[in-house]
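S.K.: Sending over a structure as C-alpha cells; questions will come in a sec.
The values are calculated or read from the model by the stated rules, or taken from the named source; none is laboratory data. All values reported here derive from a predicted model rather than from experimental measurement. Neighbour counts run over all protein chains shown; Cβ positions are idealised from the backbone, glycine included. Ligands, DNA and RNA are stripped out before the accessible areas are found, and what is left, the full protein with its side chains, is counted by its heavy atoms. Shrake-Rupley method; radii C 1.70, N 1.55, O 1.52, S 1.80 Å.
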Amino acid sequence: MTMELQLEIIERFWSRVDRGEPEECWLWKNEYRNKARYGYFHFNSRSMLAHRFAWMIANQQDIPHELCVCHTCDVGWCCNPSHLFLATQVENMKDKARKGRAPKGDRNGRSKIKEEDALEIKRLLGSGSLSQAEIARRLGLHPNLIWQIASGTTWRHLQ
C-alpha cells in the first residue's frame with residue numbers, strides 16, 4: 001500500500017478510534033477484532049490491523065516489510081501513534097518475554113505436557129529417588145524434556 005491515502009479514508013479510520021488525551025491509549029472501538037483483540041480496518045477492498053494503519057498515518061510512510069508495529073502500552077487495540085514503534089519480529093518477541101506477556105507452561109502452544117505433569121516431574125526430580133532417564137521412561141517422555149525442566153530451560157515459572 002502506498003501512503004497516498006485519501007482524506008476520507010483517514011477520517012473514517014479515526015472515527016473508529018476513541019481518541020483521548022495524548023498520553024492515554026486510543027482504543028479501537030469498531031467491532032472488527034481478531035482473537036487477540038487487535039482491531040482491523042477495512043478500506044479499498046483491503047484489511048489491515050488498525051494499529052499498523054495508525055502508525056502509517058502518523059508517520060506518513062509504509063511499514064517496511066520486515067518490521068512489526070509494536071505497542072509500548074501492550075494494549076493490542078490501542079491506536080495512539082505515540083504508543084507505537086517499529087521492531088523486528090525477534091525484537092517484538094524479546095519485548096513480549098521481558099514484559100512477562102509470553103504464554104507460559106501449557107498455555108504455550110508448543111508445550112508437550114500439562115502443568116500438573118511438569119509439577120510431578122519437578123517433585124520427582126526434587127526427591128532424588130529417580131534419575132532423569134528413569135523419570136522419562138516412567139512417564140513415557142523424551143529424556144531431553146526432563147533435562148530441560150531440571151535445568152530450568154522450561155517450566156521455570158513453577159516452584
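S.K.: Run the numbers for Lys122 and Trp14: contour at 0.36 nm per residue of separation, minus the present Cα-Cα distance, in nm.
M.R.: Residue separation times 0.36 nm, minus the Cα-Cα distance, leaves 33.8 nm.
S.K.: Near the amide H of Cys70, under 5 Å away, which other amide H atoms are found, from residues 5 or more places off or on another chain, if H is placed in the peptide plane?
M.R.: For Cys70, the qualifying residues are Phe85, Leu86, Ala87.
S.K.: Quick one: dipole size for the chain, taken about the Cα centre, charges +1 on Lys/Arg Cβ and -1 on Asp/Glu Cβ, in debye to the nearest 20.
M.R.: Using Cβ point charges on Lys, Arg, Asp and Glu, the chain gives about 760 debye.
S.K.: Match the structure shown to one of the listed values [x] 16.7; [y] 17.2; [z] 18.7 of Kirkwood radius over Cα pairs in Å, computed from it, and give that label.
M.R.: Looking at Kirkwood radius over Cα pairs in Å for this model, the match is [z].
S.K.: Excluding ligands and nucleic acids, what accessible area in Å² is computed for Met56 using a 1.4 Å probe, to the nearest 10?
M.R.: Number for this one is 10 Å².
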